[in-house]
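Throughout, read-outs are computed from the coordinates displayed, never taken from laboratory work. All values reported here derive from a predicted model rather than from experimental measurement. Here the Cβ positions follow ideal geometry from the backbone for every residue, glycine too, while neighbour counts run over all protein chains shown.
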Amino acid sequence: MKIGSADVALVTGAGGGIGSAICKALLDRGAKVVFADIGLARAESVRQQLGVGDDRAVAIALDVTDGEAWGRAVETAEAALGPMSILVNNAGVGHRCPLAEDDPQRWRWVLEVDAFGPFLGCRSVLPGMLARRRGHIVNIASIAGFSGVLGMSAYCAGKHAVVGMTESMRIELAETGIGLTLVAPGSVATHFFANSASAISARAREPELGPDPLADGITPDRVGRRIAEAIIGNEPLVLTHPEWKTALATAYADRFASVGVGA
Ligand SMILES: NC(=O)c1ccc[n+]([C@@H]2O[C@H](COP(=O)([O-])OP(=O)(O)OC[C@H]3O[C@@H](n4cnc5c(N)ncnc54)[C@H](O)[C@@H]3O)[C@@H](O)[C@H]2O)c1
C-alpha cells in the first residue's frame, strides 16, 4: 500500500522505543499519525520532540487491554485526523522469571497486553477498513513468537499468540484489500525491560533484573523504517535480524525431525 497524506496510522506503545520510531517513519512517508500509549505524557512528549503539528499527529491515552478505550480511541483519532488506514500493534511488556516461581497475576497481565491487546486493536479497526476495502495492519511479535526463551514463558506465550492470530487473519483477509505484516524483531536497543519492570511493580513483586540484554541491539529507527517499507510492499513477514532466518528454519526442522509420528 502506498503511504501518503490521505493515510491515518494508529501506533500503540508510541511513547518510546520502537513505537516512536515507527511513528517517525510513517510521518516521514507523509501519513498522519496517532501516538497511542498507556502513558499519555510520554506519547505527547515524543510527538512534540518530532515537531509535528496537531493537524498531522495527535497523542492519546490508550490501555490496549481495555476494549471500551479502544472504541473511544478510534473515534477520537478518526474525528481528529480522518479514517484509519494503518494500525500498528506495537505496545508490549515482558519480564524474566522461571515459570515455577512466577506470579499468576503478572503472567496473565503480560498475556493481556501482548496478545489480547493486539486482538482488541484488530477487532476495533477492521470493520472500518473492510468497509472501505483499504488498510494495513502490522502486528509486532518477536523471535520469541517462534521459539522458547529461558525465563520468559509469559512473553513467549503472548508472542506465539500474536503469530497464530496473525496467520489466521491472513487467511481471513485474503482478497479483502487489507494488507497484513507480522514483524519479528531480534534485539532492539530500547528500555523494554526497565519500562516493563516499572509497570509490573504496581502489580506484583518486581522480578530480579540482570544486565540489560537489549543494550547491544539494533536501533529502533532501523526497525521503524523497515516497517514503513514493509507496509508499502505488503510484506507478510519481517525478520529484522537476518541471522534468525537460518536459525529458526533449522530449529523448526530439528523439532520435526525428532518427533515421533503416528497414534
Ligand atoms: N526491544 C526489543 O528487543 C524487542 C524485540 C522483539 C520484539 N519487541 C517488541 O516491540 C514492541 C515495542 O517494545 P520496545 O522494545 O519499544 O519497548 P518499550 O518499553 O520502549 O515500548 C513499549 C511501549 O508500550 C507501552 N505500553 C505498555 N503497556 C501498554 C498498554 N497496556 N497499553 C498501551 N501501551 C502500553 C509502554 O508505555 C511503552 O511506551 C513490544 O511489543 C516488544 O515486545 C521488542
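Put the Cα centre of the stretch 155-189 next to the Cα centre of the stretch 9-79 and the gap is 21 Å. Sorted fewest first by neighbouring Cβ atoms within 10 angstrom, 12, 219, 181, 250 come out as 250, 219, 181, 12.
Neighbour counts of C-beta atoms inside 10 Å place 106, 222, 132 in the sequence 132, 222, 106, starting with the fewest.
Within the shell of other residues whose beta carbon sits under 14 angstrom from the beta carbon of residue 124, the net charge comes to -3, with Lys and Arg scored +1 and Asp and Glu -1.
Which of the GluC sites (Glu not before Pro) across the stretch 120-207 are loop residues per DSSP, with 10 or fewer other Cβ within 10 Å? Loop-located and lightly packed - 175. Taking Cβ atoms as reference points and 12 Å as the exclusive limit, the residues near residue 192 contribute a net charge of -1, counting Lys and Arg as +1 and Asp and Glu as -1.
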